[in-house]
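See structure below.
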Amino acid sequence: MFDYEVLKVIWWVLICVLLIGFVVTDGFDMGVGALLPVIGKTDDDRRIMINSIAPHWEGNQVWLVLAAGAIFAAWPAVYATAFSGFYVAMMLTLFALFFRPVGFDYRSKIADPRWRKSWDWGIFAGSTVPPLIIGVAFGNLLQGVPFQLDEFLRSTYEGSFFELLNPFGLLVGIFTVLLFVLQGSTWLQMKTEGEVRERARKVSLILAPIVVAIFAIAGIWIAKGIDGYVLTSVIDTNGPSNPLLKTAELQTGAWLVNYDKYPLSIIAPAIGLLFPLFAWVASKKNCSALAFTSTSIAIVGVLMTCAFSMFPFIMPSSLNPNASFTVWDAVSSEMTLNIMTFTAVIFIPLILLYTSWAYFKMFGRIGKVFMDKYKHSAY
Amino acid sequence: MEEIVDLSRFQFAMTAMYHFLFVPLTLGLAWILVIMESLYVMTSKEIYKDMTKFWGKLFAINFAIGVATGLTMEFQFGTNWSYYSHYVGDVFGAPLAIEGMMAFFLESTFVGLFFFGWDRLSKLQHLMATFFVAFGSSMSALWILVANAWMQNPVGAEFNYETMRMEMTSFAELVLNPVAQVKFVHTVASGYVAGAMFVLAISSYYLLKGRDLAFAKRSFAIAAAFGTAGILCTIILGDESGYEIGDVQKVKLAAIESEWETHPAPASFTLIGIPNQEEQTTDYAVKIPYALGLIATRSLDKEVKGLKQLMDEHEVRIRNGMLAYGLLNQLKAGEQTPENIAAFEEVKQDLGYGLLLKVYAPNVVDATEEQIQLAVDDSIPSVAPLFWSFRLMVGSGVAMLFIFVFAFYQSAKNKIGSNKLFLKICLYSLPLPWIAIEAGWFIAEFGRQPWAIAEVLPTHIGVSSVSVEQLLFSIVSIVVFYTVLLAVEMFLMFRFARLGPSSLKTGRYHFEQLENKQG
């Protein structure tokens, strides 16, 4: 159907799309979960917040599941090395994620305040730990990861969990949490009414400038303080996928090279810097749908900035840059990519279609009136 | 190294079996909800809507934990079986990704509308949402089982020395894998049985307590009909027929029968006996003539191979595998001459057998006769656990067949609840589907040992380069989390099952009417 080379690029794009889907949609429901103790002063407030995402969080979470599944299928080496290398971090993410399905579903089944309080903390952990760790992981991808490949392509990770928590990794981790919370706050502005909405608006107004500031700091840090990776040999982009067939090395400022090469790509960081500010203006003017749209677009900009900076690298190795994974040599075979492309072309539009329909059907703000009416059936 | 393999296997087995406590109920109950809601749409009787909502409440309690524990499965291939993920991700990853796109998204999007869309959707739209939940979960099972069946019988793929992994050669073969077909029907139907037994048992409880009779009888009848269909499919279209395809499946069949020698066709079935691995015999065997041949080959003239003969065949393939491994080393070292490539292609289907030697002889090619013999002994699983699990599974299945058929007969004769003893039997049979299902998965997965991917990748090669400390951390944490989750889930399940439809707060059911009378 397509050239192997084209397929490789398609899957880089598709995995970006899936990750964007995850951060945009799971972003707001994790943001809502993280805001429970901040905005939800009473049990009623918290129920309003949770019910604003009740019909959707389940579907939203599939973006994460699908992103992980697609990485397994399209970039098996990356899936294998990242998940086993970041073992403890991945386990912590997993344990945090346990709390969400059960927390949402079980919390309101029993009225006892201690029961509900415990689940609120569970949901809070399930909504803050995953973005923190995913952010830290991305912060480390940008710096290179200490892994090695042997001749059978078995990977060994030589770092430790605490080495992940370096200053830049932590900065990206905190940034990711704040980005999710910002997304959650604009969602709550749009989907709730009364005091919850007002408090959410305040959160958006405070967070939007902070998110922009951290994004800018991280950008400067990458330009000045973090070495990127460059390929030093020609890769046969249509050839067999084996990371050990090329050479690569560390170079200062390498993560900015693509912006020189493809000047249009500068749009991504520009969106990342500007759209949170638009969200700020929209929140100020009480245009909540516009605020939510702005933060969603900001997320696209932020993720694409990361992707453009690193292309074609996916997971550089700091121990042996030659073993780094790139979109050309850490991918599945041509046939597998072809089949998955075919499936994605049919099913991703379908998914978007019925997901939109679900949102359309559940349209409307949630407040005290709603909660009184659905006291027994709502979360 | 050995510790890491054992701990990784333990963790995988534990989390997979735990996850599969919840999956079958989701599979079965979802369709029961579709049946109930269809009746509501067709008759407009509120009681069917209440039934859909109440059993839907119990469905939700189960579904939440099923989703949570499913995440573990997805993470675990990467975290704990990273070489496996590299080696077969090209083939094994695809059905998992397709499952997400085709099935899991559908199920998860519409489950939200199922719970919260009652007043937002028209009757038909809501029924459609319920249908998509059920359809999505069964489709999801299909793709997962395609992936699992490939581990049992890896068709449509071959090893590529340039990328050091298995690569897909035919997607059609992967999907149409005969093992996948039988596995799908058998597994999904057994899930339907679990859903039916769940409704049957809890309805029997209400009938025994003499409350909400109209509600309970209707639920009982639906469960009886659905369960009868389910158990018949599970047993008749059972997956024994998948056991004659592929070498490892044959080993599994011989092991669950404890059949050491190849007997002339048609083979007899060992009803009971004590497998003796050391002597390679079955002590005190009680045999039924012809039965095994009929079950396994559906014929009277095909023979069923015994374990000893299979092991002899394995020895040949292990020696071939040593050649393949040696040639692979040459190719890796850059000696990619046409002769070497041709020679490697000739023997590469036995490369996996060569890898069995890795635990004894890291260089494989220099293995001694003694080491080869050890690898041959390893090439079949322990027989006794398989032998007994199979009997446990079949026994539970046959017991359920009687229960469902009798329940169905009662429903047809309009005699539901007439026999207290039978209601008690139904209630206490609740664990049966779970016993059978867990035993079944044990047979499928333990029976595949020593392989992760049959004839391709030994389990011990597939692990990650992680430390024992990391594994202990994850195992202990998972045990703690899962125990707490199970306790909470059972607490809620019992609470809402005991409360019954009164939990809907419609004012129409037992406890609320009791309150009204007293008030």
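The values are calculated or read from the model by the stated rules, or taken from the named source; none is laboratory data. What you see is a predicted model, and the numbers here were worked out from it, not measured in a lab. Cβ sites come from the backbone with ideal geometry, for glycine too, and all protein chains shown count toward neighbours. Just so you know, the surface numbers come from the protein's heavy atoms only, side chains and all, with ligands and any DNA or RNA stripped out. Shrake-Rupley method; radii C 1.70, N 1.55, O 1.52, S 1.80 Å.
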In the stretch A:100-109, anything more than 8 Å from every other protein chain (Cβ to nearest Cβ) and open to solvent by 10 Å² or more (accessible area, probe 1.4 Å) is listed as A:Ser108
Of (1) surrounded by 24 or more Cβ atoms within 10 Å (Cβ to Cβ); (2) more than 10 Å from every other protein chain (Cβ to nearest Cβ), B:Gly89 satisfies every one except (2)
Looking for something farther than 30 Å from A:Lys361 by Cβ and more than 8 Å from chain A (Cβ to nearest Cβ) - is there at least one such residue anywhere in the stretch B:97-109? no
Reported set for the stretch B:176-205 where residues are modelled with pLDDT of 95 or more and not assigned by TED's automatic domain parsing to the domain that holds B:Ala439 is none
If you go through the stretch A:321-332 one residue at a time, do you hit one that is touching a residue at least 12 places away in the same chain (Cβ under 8 Å) and over 29 Å from B:Ala94 (Cβ atoms)? yes
Evaluate the stretch B:180-193: report whether one residue or more is free of Cβ contacts under 8 Å to residues at least 24 places away in the same chain and buried (at least 23 other Cβ atoms within 10 Å of the Cβ). no
Within the stretch A:132-150, can one find any residue that is in contact with an Asp or Glu (Cβ under 7 Å, 6 or more places away or on another chain) and either of a type outside the set (Phe, Trp, Tyr) or away from chain B (no Cβ under 12 Å) (or both)? yes
Count, please, the residues in the stretch B:106-124 that happen to be assigned to a helix (DSSP H, G or I) and either free of Cβ contacts under 8 Å to residues at least 12 places away in the same chain or among the β-branched types (Val, Ile, Thr) (or both). 4
Of residues in the stretch A:335-379 being open to solvent by 20 Å² or more (accessible area, probe 1.4 Å) and touching a strand residue (DSSP E or B) at 6+ places or on another chain (Cβ under 8 Å), the one farthest from A:Trp57 (Cα to Cα): A:Met335
Would you check if B:Tyr161 is open to solvent by 10 Å² or more (accessible area, probe 1.4 Å) and modelled with pLDDT under 95? yes
When you scan the stretch B:167-180, how many residues do you find that are within 14 Å of chain A (Cβ to nearest Cβ) and in a helix (DSSP H, G or I)? 5
In the set A:Val38, A:Val88, A:Val65, which member is open to solvent by 10 Å² or more (accessible area, probe 1.4 Å), touching a residue at least 60 places away in the same chain (Cβ under 8 Å) and within 10 Å of chain B (Cβ to nearest Cβ)? A:Val88
Look at B:Thr187 and say whether it is under 23 Å from B:Lys45 (Cβ atoms) and more than 10 Å from chain A (Cβ to nearest Cβ). no
Pick from B:Glu46, B:Glu37, B:Glu74: which is more than 7 Å from chain A (Cβ to nearest Cβ), under 30 Å from B:Val488 (Cβ atoms) and of a type in the set (D, E, K, R)? B:Glu37
Those residues that are among the charged types (D, E, K, R) and either in contact with a His (Cβ under 8 Å, 6 or more places away or on another chain) or in a loop (DSSP other than H, G, I, E, B) (or both), I need them from the stretch B:131-166; list them, please. B:Glu162, B:Arg165
What number of residues in the stretch A:311-327 are in contact with a helix residue (DSSP H, G or I) (Cβ under 8 Å, 6 or more places away or on another chain) and open to solvent by 30 Å² or more (accessible area, probe 1.4 Å)? 3
Among the helices (runs of 4 or more DSSP H) lying completely within the stretch B:400-512, list those that include at least 1 residues that are within 12 Å of another protein chain (Cβ to nearest Cβ) and touching a residue at least 40 places away in the same chain (Cβ under 8 Å). B:468-499
Can B:Val248 be described as surrounded by fewer than 23 Cβ atoms within 10 Å (Cβ to Cβ), away from chain A (no Cβ under 14 Å), in a helix (DSSP H, G or I) and at pLDDT below 95? no
Checking the condition facing chain A (nearest Cβ under 8 Å) and either open to solvent by 10 Å² or more (accessible area, probe 1.4 Å) or not in a helix (DSSP H, G or I) (or both), which residue from B:Val67, B:Val23 passes? B:Val67
If I filter the stretch B:30-42 for residues that are free of Cβ contacts under 8 Å to residues at least 40 places away in the same chain, at negative phi, surrounded by fewer than 23 Cβ atoms within 10 Å (Cβ to Cβ) and not in a helix (DSSP H, G or I), do I get at least one hit? no
